[in-house]
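Here is the structure we will look at.
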Amino acid sequence: MTHWQGKLELTYAKQEGATQMIHALNHAPLKVQRPFYPEGEQICHTVGLHTAGGIVGGDILMQNLHLHPRSEVFFTTPAASKIYRSNGQQAQQQIEITLEENAILEWFPQESIIFNGADYCHKMRVNLAPNAVFLGWEITRFGRTARGEQFMSGEWRSHNEFWQQDTPVWIDRQWLPGHPETVQSLHGLANSPIVASFIALGLPNSTSLLENARQLWPTPPQRGEFGLTTTQNQGLLCRYRGHSLTEIKQRFVTLWHFLRQNSLSRPKLHPRVWM
Amino acid sequence: MDNPTIPTNSASLNPETLSLLRLLQLASPALPVGAYSYSEGLESLVEQKKLDNLHSLCSWLEQELRYGAIRLETAILLRAYHSTKAADGAALSRWNAWLSATRETQELREQSWQMGGALLRLLVGLDSQFTPLTEAVGSPCNFAILFGLAAATWDISPKETIAAYLHSWASNLINGGVKLIPLGQTAGQQGLTQLYPIILQVTEEILQLEDEDLASCGWGLALASISHETQYSRLFRS
């Protein structure tokens, strides 16, 4: 069986008020749609694609995004990623993102579905220059829940690291060995198939942001647990563990829209690719 | 009394016994760093009635030891230990920054810094040889980093340092559980004893862990600690 060594390299620059994709390189199965500008030329919308059905053991996918000063990018994917049961080898995804001064990246890929028995390692490192902004989420479903599947074997690692000027600000190295103990225990998944994190870095005034963001929902979610805290350097972090993709996407979109309006002076956005 | 010196040439204090006494001091619940004032999420779990007996308390602690933040933190403690032995101040500073960045919530990060600050003042008051090392760590400094630094300086073995650190952590949270659930003192000590095989096993794992494998399963702890940050009435600090 052949393994993919996919690659996607994108570079953006702000030129006369417009964010242009000045360099794009891709190796299958990764591809990128032609950039588009539904909010005007200052924000480049980019949809990254995985053109094979899913990710298998031995696959190595690399993505590299570089935003030059003041460039503004919204990045998403059109569908969930699937990580299949391992054939004995680990599947890897490595993402390196560099945000130069005053660049803004909104990074909202759709969820990953980790099949039972998958062996998957996702590594993302984001380097932020002064005043660069990163807003993003990671949403993971363990097992094909509709079939009653749980993540009882395999291994999942997701290392997300955020550095500001060579100092680590937020290092989130999540590890879940597939096992009844980790899936069922209160300490691990508590029988919830979905975990998700939302992170915002580089926005000013996060203490009041945190207080205001906590007021966005009058009640706790019905099908999961949800909470907000701060990282170093005034980052905002949100965690979810629960049963409903709809519930968490609604909450994350509410939070995202709140941050967009309050901190970036941008209107709410409803990306068409999600509909 | 400033910087008391210990008569190391005394026949009654051979170096191994001295190391043992130093370790007992460092890992003692009486070490004035305020560990007893933190519950690391237990208080909100008890309030939500998710932890309500010795069994559920011990399985939480067992999971945390096997997969959680304490395992990751202790692995970084070991790196601070080795950096101290190598007199590598830059590495101490790097691991300290790294540990700060991995703390799951504001509350857990501030706990680590507050206890680190208290241990820093204590070490500098105990022994002047700590001053250049602690300055290399940088500020704010994490408790686990200074624990590793002190253990290395006092020639305690890495394995005993790790086991004692885990024991001291577990003992503190067992006491938290005894107050919160509440449980009898004997039940608490039985729970602690039950954790010994896991503490020993995890100690061996931590000694072998590669940098690439530094990771933890943080969902339960992060949500419990976040919930504690806004809990209305609390015995334990946030």
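The values are calculated or read from the model by the stated rules, or taken from the named source; none is laboratory data. Just so we're clear, the structure is a prediction, and the values are computed from it rather than from any experiment. Positions of Cβ are generated from backbone atoms using ideal geometry, with glycine treated the same way; all protein chains shown enter the neighbour counts. These area figures cover heavy atoms from the full protein model, side chains too; ligands, DNA and RNA do not enter into them. Shrake-Rupley method; radii C 1.70, N 1.55, O 1.52, S 1.80 Å.
Considering only residues in the range A:153-172 that are part of a loop (DSSP other than H, G, I, E, B) and open to solvent by 60 Å² or more (accessible area, probe 1.4 Å), the one that is nearest to the other protein chains (Cβ to nearest Cβ) turns out to be A:166.
If you go through the range A:203-227 and keep only what is open to solvent by 10 Å² or more (accessible area, probe 1.4 Å) and either basic (Lys, Arg) or closer than 18 Å to residue B:102 by Cα (or both), you end up with A:214, A:223. Evaluated against (1) in a helix (DSSP H, G or I); (2) farther than 21 Å from residue B:161 by Cβ; (3) open to solvent by 80 Å² or more (accessible area, probe 1.4 Å); (4) of a type outside the set (A, V, I, L, M, F, W, C), residue B:182 falls short on exactly one condition, (1).
For residue A:138, the test of being of a type in the set (D, E, K, R), surrounded by 18 or more Cβ atoms within 10 Å (Cβ to Cβ) and either modelled with pLDDT under 95 or part of a strand (DSSP E or B) (or both) is passed. Answer yes if at least one residue in the range A:36-54 is in contact with a Pro (Cβ under 8 Å, 6 or more places away or on another chain), more than 25 Å from residue A:269 (Cα to Cα) and surrounded by 19 or more Cβ atoms within 10 Å (Cβ to Cβ), and no otherwise. No - not one qualifying residue is present in the range A:36-54. Among the residues of the range A:197-236, those identified as in a strand (DSSP E or B), touching a Leu at 6+ places or on another chain (Cβ under 9 Å) and within 10 Å of chain B (Cβ to nearest Cβ) are A:197, A:225, A:226, A:227, A:228, A:229, A:230. Go through the residues of the range B:200-222 one by one and say whether even a single one is modelled with pLDDT of 95 or more, in contact with a strand residue (DSSP E or B) (Cβ under 9 Å, 6 or more places away or on another chain), hydrophobic (A, V, I, L, M, F, W, C) and in a helix (DSSP H, G or I). Yes: one or more hits. Within the range B:177-221, the set of residues being in contact with a Gly (Cβ under 9 Å, 6 or more places away or on another chain), within 14 Å of chain A (Cβ to nearest Cβ) and in contact (Cβ under 8 Å) with a residue 60 or more places away in the chain comprises B:177, B:216, B:217, B:218, B:220, B:221.
Let's see how each residue does on (1) within 10 Å of another protein chain (Cβ to nearest Cβ); (2) open to solvent by less than 10 Å² (accessible area, probe 1.4 Å); (3) under 17 Å from residue B:69 (Cα atoms):
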position	(1), (2), (3)
B:86	no, no, no
B:95	no, no, yes
B:99	yes, yes, yes
B:103	yes, no, yes
B:116	no, yes, yes
B:131	no, no, no
B:138	no, no, no
B:158	no, no, no
B:163	no, no, yes
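Among the residues of the range B:22-49, the one identified as within 14 Å of chain A (Cβ to nearest Cβ), surrounded by fewer than 16 Cβ atoms within 10 Å (Cβ to Cβ) and not polar (S, T, N, Q) is B:49.
For residue B:68, the conditions (1) open to solvent by 10 Å² or more (accessible area, probe 1.4 Å); (2) within 14 Å of chain A (Cβ to nearest Cβ); (3) of a type outside the set (A, V, I, L, M, F, W, C) all hold with the exception of (1).
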